[in-house]
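Heads up: the structure comes next, in structure tokens.
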Amino acid sequence: MSKQNFKEDLKRIKAFAFDVDGVLSDPKVHLAADGQLLRTMNTKDGYAIQYATKRGYPIAIITGGRTESVGQRFANLGIEDIYLGASEKIRDFNEFRDKYELQDDEILFMGDDLPDYEVMKACGVPCCPADAVEEIKSLSVYISHVKGGEGCVRDIIEQVLRLHGKWMDGEAFSW
């Protein structure tokens with residue numbers, strides 16, 4: 001894993017894992033009158049996620065958040081491995097890895113803040129959005145040009161699928 005060989009590293013990727021707040025959602029969280037957290041998510045990220053699952057890539061959502069609507073959003077996109085309330089994300093990452101009999105270097109993880117640090121160090125290709133904290137940027141072999149919640153997940157999924165020759169095939173034109 002190195003910043004110089006980033007595209008080579010992407011060729012090994014067989015699975016993805018993502019944090020939610022600050023990666024898949026805008027880092028700002030709004031509170032509803034009933035205390036529920038409201039998040040804004042990018043539909044282009046959603047499209048790329050469901051497309052990658054159709055192409056056979058296992059995807060995990062590993063988040064400290066506990067909001068059921070977040071879990072439902074990703075379940076609707078075809079994700080089976082959703083870890084809500086992840087207090088130590090490395091445990092959930094290891095469970096996901098072992099479930100699919102993967103090696104660490106076959107998993108790309110995108111995180112943005114300190115709770116993602118251990119997973120970023122363990123995974124094969126650590127990535128982050130443009131607005132991640134400096135500690136996470138320093139571990140990343142790829143820093144997206146896009147901020148969290150604005151399409152950074154689409155950015156990295158598209159790069160991997162293009163390298164694997166799995167982008168823009170017949171399945172690309174439907175949900």
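Numerical summary
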| quantity | calculated |
| --- | --- |
| Filter result (under 14 Å from the mean Cα position of the chain (by Cα) and under 19 Å from LYS11 (Cβ atoms)) within segment 111-144 | CYS123, GLY124, VAL125, PRO126, CYS127, SER140, TYR142, SER144 |
| Sole residue being touching a residue at least 24 places away in the same chain (Cβ under 8 Å), in contact with a helix residue (DSSP H, G or I) (Cβ under 9 Å, 6 or more places away or on another chain) and over 18 Å from PHE93 (Cβ atoms), chosen from ASP45, ASP19 | ASP45 |
| Residue that is buried (at least 16 other Cβ atoms within 10 Å of the Cβ), at pLDDT 95 or above and of a type outside the set (S, T, N, Q), where the choices are ALA15, ALA75 | ALA15 |
| All positions within segment 95-107 that are without any contact (Cβ under 8 Å) to a residue 40 or more places away in the chain and either in contact with a Lys or Arg (Cβ under 6 Å, 6 or more places away or on another chain) or assigned to a loop (DSSP other than H, G, I, E, B) (or both) | GLU101, GLN103 |
| From the options ARG73, ARG66, residue that is among the basic types (Lys, Arg), part of a loop (DSSP other than H, G, I, E, B) and within 16 Å of ASP21 (Cα to Cα) | ARG66 |
| Set GLY78, GLY22, GLY85, GLY56: member being at positive phi and touching an Asp or Glu at 6+ places or on another chain (Cβ under 7 Å) | GLY22 |
| Odd one out for PRO126 among (1) in a helix (DSSP H, G or I); (2) touching a Ser or Thr at 6+ places or on another chain (Cβ under 7 Å); (3) not β-branched (Val, Ile, Thr) | (1) |
| Extreme residue, surrounded by the fewest Cβ atoms within 10 Å (Cβ to Cβ), among residues of segment 157-170 that are within 18 Å of the chain's Cα centre (by Cα) and aliphatic (A, V, I, L, M) | LEU163 |
| Selection from segment 82-103 of residues that are surrounded by 16 or more Cβ atoms within 10 Å (Cβ to Cβ) and either at pLDDT below 95 or among the acidic types (Asp, Glu) (or both) | ASP92 |
| Whichever residue in segment 18-54 is assigned to a strand (DSSP E or B) and surrounded by 16 or more Cβ atoms within 10 Å (Cβ to Cβ) and, among such residues, is nearest to the chain's Cα centre (by Cα) | PHE18 |
| For ALA132: the one exception among (1) under 27 Å from LEU31 (Cβ atoms); (2) at pLDDT below 95 | (2) |
| Single residue of segment 138-153 satisfying the filter (on the phi < 0 side of the Ramachandran plot and either at pLDDT below 95 or in a loop (DSSP other than H, G, I, E, B) (or both)) that is surrounded by the most Cβ atoms within 10 Å (Cβ to Cβ) | GLY148 |
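Yes/no matrix, rows are residues, columns are (1) outside any helix (DSSP H, G or I); (2) among the aliphatic types (A, V, I, L, M); (3) touching a Gly at 6+ places or on another chain (Cβ under 8 Å); (4) surrounded by fewer than 24 Cβ atoms within 10 Å (Cβ to Cβ):
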residue: PHE109; (1), (2), (3), (4): yes, no, no, no
residue: GLU118; (1), (2), (3), (4): no, no, no, yes
residue: ASP131; (1), (2), (3), (4): yes, no, yes, yes
residue: ASP155; (1), (2), (3), (4): no, no, no, yes
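The values are calculated or read from the model by the stated rules, or taken from the named source; none is laboratory data. Every value quoted in this text rests on a predicted model; they were computed, and no experiment measured them. Using ideal geometry, Cβ is built from the backbone for each residue, glycine included, and neighbour counts are taken over all protein chains shown.
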